[in-house]
Every structure is written in structure tokens, then in C-alpha cells.
Amino acid sequence: MRVAMIGTGYVGLVSGTCFADFGHIVTCIDKDASKIDALNNGQIPIYEPGLQDLVAKNVEENRLFFTTDPAQAIKEADAVFIAVGTPTRRGDGHADLSYVYAAAEEIAGLVDGFTVVVTKSTVPVGTGDEVEAIIQRTRPDADVAVVSNPEFLREGAAINDFKRPDRVVVGTENDQAVEVMQELYRPLYLNETPIIVTKRRTSELIKYAANAFLAVKITFINEIADLCEKVGANVQEVSRGIGLDNRIGSKFLHAGPGYGGSCFPKDTLALSKIAADAGSDLKIVDSVIEVNSDRKKKMAQKVIDFMGGDVQGKTVALLGLAFKPNTDDMREAPSIDIVQKLQEAGALIRAYDPAGMEEASRMMSDVLFCDGPYHAIENADVAVIVTEWDQFRALDLDRVKTLLKAPKIVDLRNIYKADYMSSRGFEYTSVGRSY
Ligand code: UGA
């Protein structure tokens with residue numbers, strides 16, 4: 001099959017590359033010429049393990065192309081994917097759909113023969129209807145079927161998530177479009193990955209409901225963690241105790257400093273707006289948004305409390321800045337609030353992140369970015385583990401103890417055990433674990 005992928009952001013680049021790896025001929029299109037030039041020179045604009053090699057392999061095998069000119073690829077395509085950004089619109093929390101609609105208009109002018117137009121971008125319910133209307137308006141004779149096909153890729157694990165998904169969701173009532181989608185996902189189809197074919201609006205809602213549910217799960221366990229601290233319990237044991245119940249499931253029950261990233265914060269907000277516009281309350285999602293945003297600030301207070309209520313003039317070393325490991329993404333990262341609050345309280349910040357520092361340096365001021373974890377903790381009054389990168393799981397604790405002014409660690413990701421840390425001579429606190 002021939003695929004045109006509009007947008008070479010995270011979703012477009014990963015999806016386009018994986019479709020090429022499935023054996024399709026894929027052209028990734030972006031208006032940003034410098035990005036396309038870089039991609040044509042083998043440079044990948046995002047940090048995603050395994051992507052660089054997979055891009056190189058498929059370029060080499062003549063299945064993956066990058067261009068700024070959409071005309072030929074769209075004309076020849078069996079399926080055109082819209083994978084452009086849907087950022088939160090300034091001021092009102094709605095998803096900004098202007099890029100999606102501009103892509104629809106562009107596609108309308110260029111399609112030739114029956115073409116499936118697929119929205120991969122996360123879009124509010126009803127966007128597919130509008131995309132269809134735009135195409136019909138712009139080009140009444142165009143033979144297109146507009147399909148919703150949301151992505152469920154996690155940053156840092158995106159290739160695996162694409163190639164071994166729990167399910168594929170396809171929203172359309174057009175049989176010919178279903179056939180094209182099944183052919184596109186053929187390797188998964190053969191593996192018996194469930195492919196859910198549903199109406200377009202349902203498919204659009206599935207994406208938001210999935211992300212919102214995961215955000216609810218995380219926020220729930222974070223509140224239980226706070227309760228654990230108050231009543232002498234251990235949240236990791238609670239997670240295990242409830243997660244083994246198949247109806248609950250053990251994933252996304254790790255307590256921490258609150259969720260961040262480009263998806264959960266944006267999508268929960270957008271879902272709340274969709275619901276409000278439809279006159280249907282989503283009180284749980286609204287609470288989750290509020291609780292999570294308070295939580296990030298509370299984490300700074302946790303550090304301050306641990307330091308006896310005062311960090312004025314104290315040096316705090318942050319280990320990890322990105323919103324999670326294996327990404328350089330700093331969007332909505334808890335570290336942003338933590339740094340800001342600690343600085344307001346008079347602390348001096350040193351920090352190290354294996355991938356996120358370049359991005360972080362654009363978002364934070366007066367932070368000393370360090371060369372490694374040991375450099376970061378040198379002469380600091382306390383070390384705070386903010387992101388659970390593997391390299392922080394195996395620190396040389398004797399070295400850490402010598403480098404810190406006093407052996408104090410706040411572990412916001414629960415990657416060490418309290419008993420062990422105290423046996424190694426550390427004053428240690430973590431999240432939701434009284435023992
Ligand atoms: C999330 C979803 O997991 C993907 O399925 C979805 O496709 C994607 O959003 C999207 O909409 O594009 P992502 O934002 O890459 O993926 O990251 P996650 O691994 O889901 O983590 C999100 C946040 O939740 C991180 O800040 C992470 O630290 C936090 N988290 C996750 C927890 O605090 N506890 C957990 O148990 C799990």
C-alpha cells in the first residue's frame with residue numbers, strides 16, 4: 001500500500017516508519033524544510049529508542065521517504081494520515097484543530113481516486129465529520145472515506161507499542177475503508193491483534209477515554225500514597241494487592257510526583273471541555289486535573305519539609321528532569337513546578353538529566369545543569385530523584401554519601417528501599433511508603 005503521512009512529529013514519524021517496516025511505501029510530509037532536510041540526512045528530531053535505526057533501514061530499502069511537497073505522495077496514496085499537532089488552545093483548554101483542518105483542505109486538493117483519509121492526531125469527537133465536510137466542500141468530486149485511527153504510543157516505547165499493540169481502533173462505517181485499514185495493519189491482523197471497528201465518533205472518544213482513565217488510575221494511587229504516609233501503610237504493597245485483581249490490573253499504579261508529558265495533561269483538559277460543551281459532567285476527570293496539578297507543587301513542599309521546613313540558601317540536586325525516562329520531553333514535567341517552588345523558597349538548584357537538559361534549559365532559569373549524577377550532587381544538601389532513569393537505580397551509594405554535604409535523599413519515584421537506604425546511612429524519604 002502507499003501511505004502519505006502528514007506531520008513528522010512524534011506520532012507521524014513513528015507511525016510512518018513502522019508502516020514502512022510493515023512493507024508499505026510511506027512518504028512523510030512536513031512543512032518544516034529544516035526538519036525534512038535533517039531527516040533526509042538521517043537525523044531524527046526526537047529522542048526515541050530504536051527509531052534512528054528503523055528509519056535508516058527503511059530509507060535504505062526504499063520504503064520510507066521525506067518531503068515538503070505533498071502533491072505526488074497524496075495523489076498516489078491509498079491512505080493519507082493526518083498526524084499533525086493538536087496543542088491545547090491558548091486560553092480555553094480546547095484542542096487547537098487548525099493544523100488538522102488545514103491538512104484536510106490540502107489533502108482535498110490533491111487526492112486522486114479512492115483514498116482513505118485517516119486522523120491519527122488526537123481529536124475531539126466530531127472532528128472526523130468536520131474533516132469530511134471540509135474535503136467535500138473543497139473538492140465535491142473527491143472519492144474519500146474519513147477514518148479515525150487513534151494512536152496509543154508511549155514515548156520511549158513507541159516502536160514496540162506500534163508493532164505489538166493491545167488493540168487497533170478503526171472508526172468508520174465505510175467497508176472499503178475497513179479493507180484498506182486491515183491491509184495496512186496486516187502483520188498485526190495475522191498476529192490476531194484485536195482490531196476494533198466502530199463508528200468514527202466512538203473511536204475518537206476511545207482515545208480520550210483511554211488516556212483519561214490512565215490519568216485517573218495514576219492520580220488515584222497518588223492520593224492513596226498520601227494516605228499511606230498518614231496511616232503507616234506502604235503504597236507499593238497496596239498497588240500490588242489491588243493490581244493482582246484482574247479487574248483492576250497492575251499497570252499504571254506507580255505512585256510518583258504526578259503525571260506529565262504531552263498527552264495526559266492536554267487530553268484530560270480537552271476531554272473535560274468536550275464533556276462540558278456536550279452538557280455532560282465528567283467530575284472525576286475534572287478532579288484528576290486539579291489533584292495532579294496541585295501534586296506537582298506539593299512535591300517541592302515535600303522536599304522543604306524533609307529539610308526541616310527551610311531550604312533558604314540550601315543546594316538541592318535534582319536527578320532527572322524529563323517527565324519520564326527514555327525521553328527528552330519536558331512538557332508538563334513535574335520537575336518544572338518542583339524547581340520553581342524550590343527556587344521561590346530560596347533553594348539553589350543543580351540538576352542532571354540524561355536527555356532532557358537542553359529542553360529544560362529553555363524552560364528553567366538559574367539552574368546549574370551538570371555533567372552527570374555525581375556532578376549534580378556534589379556539595380548539595382539533598383538529592384531528589386525526580387525521574388526514574390535506569391542510571392539512577394544503580395548509583396554508587398558510597399560515592400553519593402561522600403559527595404553530598406549530608407546523606408539526604410528524597411526519592412519521588414520509589415526506586416530505592418527505605419530499609420536499605422537507612423542501613424547505608426542515608427536519611428531517606430519516598431512517596432507513600434511509611435516503611
Ligand atoms: C501516554 C499513554 O500511555 C499512551 O498510550 C498514549 O498513546 C500517549 O499518552 C498519547 O496520548 O500519545 P506517554 O505520555 O508517552 O503516553 O507516557 P506514559 O508512559 O503514559 O506516562 C505518562 C505520565 O504518567 C508520566 O509522567 C509518568 O511518569 C506517569 N506515570 C505513569 C505515573 O506517574 N505512574 C504510572 O504508574 C504510570
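The values are calculated or read from the model by the stated rules, or taken from the named source; none is laboratory data. Fair warning: this is a prediction, and the values are worked out from it, not measured in the lab. With ideal geometry, Cβ positions are generated from the backbone for all residues, glycine too; neighbour counts draw on all protein chains shown. These area figures cover heavy atoms from the full protein model, side chains too; ligands, DNA and RNA do not enter into them. Shrake-Rupley method; radii C 1.70, N 1.55, O 1.52, S 1.80 Å.
Only helices enter this figure: runs of n ≥ 4 DSSP H residues, each worth -39500 (n - 2.57), summed and divided by the residues of the chain, yield -14000 deg cm²/dmol at 222 nm to the nearest 500.
Heavy atoms of the protein chains alone define the surface here; on that basis the chain has 45 Å² accessible area per residue at 1.4 Å probe size.
The ratio of the alpha-carbon radius of gyration of the stretch 300-372 to the globular-protein estimate 2.2 N^0.38 Å is 1.04. Using Cα atoms only, what is the angle between the long axis of helix 175-184 and the major principal axis of the chain, expressed in degrees (0 to 90) to the nearest 10? The answer is roughly 50 degrees. Converting the Cα gyration tensor eigenvalues of the stretch 228-429 into ellipsoid dimensions via √(5λ) gives semi-axes, longest first, of 30, 21, 16 Å.
For the stretch 180-335, the pair-distance distribution built from all alpha carbon pairs, in bins 10 Å wide starting at 0, is 9, 28, 33, 21, 7, 2, 0 percent. Against the chain, whose longest principal axis comes from its Cα atoms, helix 10-21 is set at around 60 degrees. Ranked by the mean number of other Cβ atoms within 10 Å per residue, highest first, peptides 27-39, 275-287 order as 27-39, 275-287.
Protection proxy ranking for 351-359, 15-23, using the average of other Cβ atoms within 10 Å per residue and placing the highest first: 15-23, 351-359. In terms of the mean number of neighbouring beta-carbon atoms within 10 Å, the peptides 262-272, 309-319 order highest first as 262-272, 309-319. Overall shape of the chain was characterised from the C-alpha gyration tensor. The equivalent ellipsoid obtained from it has semi-axes of 43, 24, 20 Å, in decreasing order. Residue ranking by accessible heavy-atom surface, 1.4 Å probe, largest first, among LEU190, LEU205 comes out as LEU190, LEU205. Of the beta bridges in the chain, as assigned by DSSP with both residues counted there, near 5 percent are antiparallel.
Quarter the surface of the alpha carbon convex hull of the stretch 196-277 and you get the mean projected area, 6.9 square nanometres. The alpha carbon centroids of the stretch 21-35 and the stretch 88-165 are separated by 16 Å. Taking all protein chains as they are arranged and a probe of 1.4 Å, the heavy atoms of PHE152 leave approximately 50 Å² accessible to solvent. Surface composition of the chain: carbon plus sulfur atoms hold 48% of the accessible area, using a 1.4 angstrom probe and ignoring ligands, DNA and RNA. Secondary structure note: in the stretch 2-197, about 5% of the DSSP beta bridges are antiparallel. Taking Cα centroids, how far is the stretch 402-435 from the stretch 196-270 in Å? Here the answer is 26 Å between Cα centres.
Annotation: Cα Rg of the stretch 51-186 relative to the compact-globule expectation 2.2 N^0.38 Å equals 1.09.
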